[in-house]
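The values are calculated or read from the model by the stated rules, or taken from the named source; none is laboratory data. Since this is a predicted model, take the numbers as computed values, not measurements. No Cβ is skipped: glycine too gets one built from the backbone with ideal geometry, and neighbour counts run over all protein chains shown.
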């Protein structure tokens, strides 16, 4: 698989053409080696959202390790006259040697939170733009939606099962982002292999339809998987399906799954029927185009687990986090730092290198504090948010691999719990805390 | 890169856990080798859309070639007790040996169009489900949105530049799907390398901000790229930017690009100013969160080219095509074919193997005709839609690789032109032609 430690493929060509032509032109102009800081941030959250969840850092760092140009890439760039010989030679040796600071993966974020800072020469930093944005925009979109879903589920386990509704590689990334935001397991085997996420699943309708009747299908499933399995009971008629399931699997059947109909009503019916049949310990899994609102709507239903697909992997209405990567400060020819920002209307950004902390009061967050240019001396009420993940090109292995996913999930749970109560409302509203561009 | 012919990685783990447990249980029950037909279709189009554009077939076939389980996969499945030893042995030898029929890539489609049929044993066909759906759901979503955009552009070239707003691998697939639906070029280098799509791009705001002033940036760009380039003129002030661009690049400057503000107004201003300055041949490229409606809104503006990003790669409101893959007919233990379908409410499908044709009248499509079970003798008014792409496991190379993309783009243009005029309305409405489940 592409992202496993061995056999990883180069990530350098997940890049826009113009990143390389900019490097080429800057090299000719003698400006390519000016020290620069690029920052990743969102100008706003998706409409109505109270917070976002930063994700993708680990995956980005794993890819950064292999952001290299091999002969195939260099041949393409040469054949298509994308860059000059000088730049080809530089690309052939490319290796990021700068520093990267970022929010911890799983951290809630708000408009203008400086989620990642890349500090290096212009040429080394600009060339990462497209890949860095792709990873963070997708993973953050999914983690942000996933967090609202697990919150709405109120402790009932959520299973990620949206692989089929996203690009195949995006699906694996979505499973990872969902795990960070509190999902219990995934259907996606690639995510299991790459990140150690628990995988789950038993059977689809086609399995039932393959067999001569529903009983035969359930018998085949129980024979192979035992009665600690989930039987899908809605291929023909849910009530009959439940009766068949209990007949075949007995009182120890782990779960029945319902994938259609009015889930609220069906869950109540199913619970009553299971109890009547003596299967009081058999749980109910519901799946069927769930989003955070549907999950919340099932709060009063006797549901034991939610399977979430389409809406998860498409960010529940916000399929990209709209993060941008902007040059905020760079040196001039004398080595002086010059803060820079685009000034055109509607897309302005703040120049200068940012420092950020979450202001806390009685263990509850009250503001995202962002300061430009000067590292403040944060007092005890401010939790600094940027951690160094790459030092002189050296990637800190604590932020990559399967262990990073587990750690990010714990960090997410902890930092989400410290947001004000308003953050946990699904209704449209303002960001849960304001972003303040000053310490006092 | 993963999808190039050499170095391609296995695709088998882009799969839901349950596909393998179903195979395992069916093998134990002796039902896994029943001949089966699975079909890919959409129950409906995204709300208001007049047609969809089928895409992903080529990419799926490229991945099918390498749908293999290697030691890493088998080790995972064994370690996690996903399937039994018998199934592990079968997976180790897995190779698809059946037949696949599909709509030509680029073909418009409608609710219940049978976009792909996989005919094989149950175990060989079911195991492809997740991967097949991931590829087609994403590529079809993008191609469907892209087609509306190129239609709205009315012949003005569209540049795909959404890579940063999608998962990095999805970005390359999006560029491919956009090319099929009439986009002229892409910013994505991976798509250039894999599929031979023309790549394009010059510079971003960061390049301007890297330099001491806008003139210095433009001089650096023109020195490297010549005056047949596109200068981005909205970093500080658009009017000043255009004056600087003309000063630096002269009357032969190819394009200026505007990425912010009221594009309609700015395009008119820019055109007048360029003309006043004598740059009557300098074109105007606009980019900035364009979708099909914004493109249509610029029809009267003096715009020469559109760069489209976020809305393209996220399917312009429909980030997945909601395609499903259903078992529609299978043999029983005696070899008789049994049509099957789920019967639960809201998600029913039609059993039986489908045959499909587009009914034409005076070169205009009037209906999508779908027949179950019996191959009809299509008359001259019916263009059959299903073509065989895989025969006894042998993939027809005409449907893969870069040449397939070019061919799909031509097929798309031709078949879209044959839809009734209503198909070309952006406003919400019904599918452009009805799907009829009978020949007469």
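Things to note:
- Subset tally (residues that are under 20 Å from residue B:359 (Cβ atoms), loosely packed, with under 14 Cβ neighbours inside 10 Å and touching a strand residue (DSSP E or B) at 6+ places or on another chain (Cβ under 6 Å)) for the range B:382-419: 1
- Out of A:179, A:171, A:166, one residue alone is crowded, with 24+ Cβ neighbours inside 10 Å, farther than 22 Å from residue B:321 by Cα and not assigned by TED's automatic domain parsing to the domain that holds residue A:59. It is A:179.
- Residues of the range B:199-242 that are facing chain A (nearest Cβ under 9 Å) and part of a loop (DSSP other than H, G, I, E, B): B:200, B:201, B:202, B:203, B:204, B:211, B:212, B:229, B:234, B:235, B:236, B:237.
- Flag if residue A:332 is over 18 Å from residue A:157 (Cβ atoms), touching a residue at least 12 places away in the same chain (Cβ under 8 Å) and assigned by TED's automatic domain parsing to the domain that holds residue A:55: yes
- Residues (surrounded by fewer than 24 Cβ atoms within 10 Å (Cβ to Cβ) and at the interface with chain B (Cβ under 8 Å from one of its Cβ atoms)) located in the range A:6-17: A:7, A:9, A:10
- Helices (runs of 4 or more DSSP H) fully within the range B:40-94 that include at least 1 residues being buried (at least 23 other Cβ atoms within 10 Å of the Cβ) and touching a strand residue (DSSP E or B) at 6+ places or on another chain (Cβ under 6 Å): B:57-64.
- Tally of residues being in contact with a strand residue (DSSP E or B) (Cβ under 7 Å, 6 or more places away or on another chain) and under 18 Å from residue B:363 (Cβ atoms) across the range B:420-436: 2
- Within the range A:294-326, restricting attention to residues that are more than 17 Å from residue A:178 (Cα to Cα), touching a residue at least 60 places away in the same chain (Cβ under 8 Å) and touching a helix residue (DSSP H, G or I) at 6+ places or on another chain (Cβ under 8 Å), the residue that is surrounded by the most Cβ atoms within 10 Å (Cβ to Cβ) is A:323.
- Reported count of residues in the range B:95-144, each being within 13 Å of the chain's Cα centre (by Cα) and surrounded by fewer than 23 Cβ atoms within 10 Å (Cβ to Cβ), is 1.
- Residue check, residue A:247 away from chain B (no Cβ under 14 Å) and under 30 Å from residue B:122 (Cα atoms): yes
- Residue within the range B:23-34 that is in the same structural domain as residue B:412 (by TED's automatic domain parsing), assigned to a loop (DSSP other than H, G, I, E, B), modelled with pLDDT of 95 or more and crowded, with 24+ Cβ neighbours inside 10 Å present: yes
- Count of the range B:261-270 residues, restricted to those that are crowded, with 21+ Cβ neighbours inside 10 Å and either out of contact with any strand residue (DSSP E or B) (no Cβ under 6 Å at 6 or more places or on another chain) or without any contact (Cβ under 8 Å) to a residue 40 or more places away in the chain (or both), is 3.
- The residues on offer are A:198, A:186, and the sole one that is farther than 17 Å from residue A:60 by Cα and surrounded by fewer than 24 Cβ atoms within 10 Å (Cβ to Cβ) is A:198.
- Some residue of the range B:41-49 being within 11 Å of another protein chain (Cβ to nearest Cβ) and either closer than 24 Å to residue B:354 by Cβ or in contact (Cβ under 8 Å) with a residue 24 or more places away in the chain (or both): no
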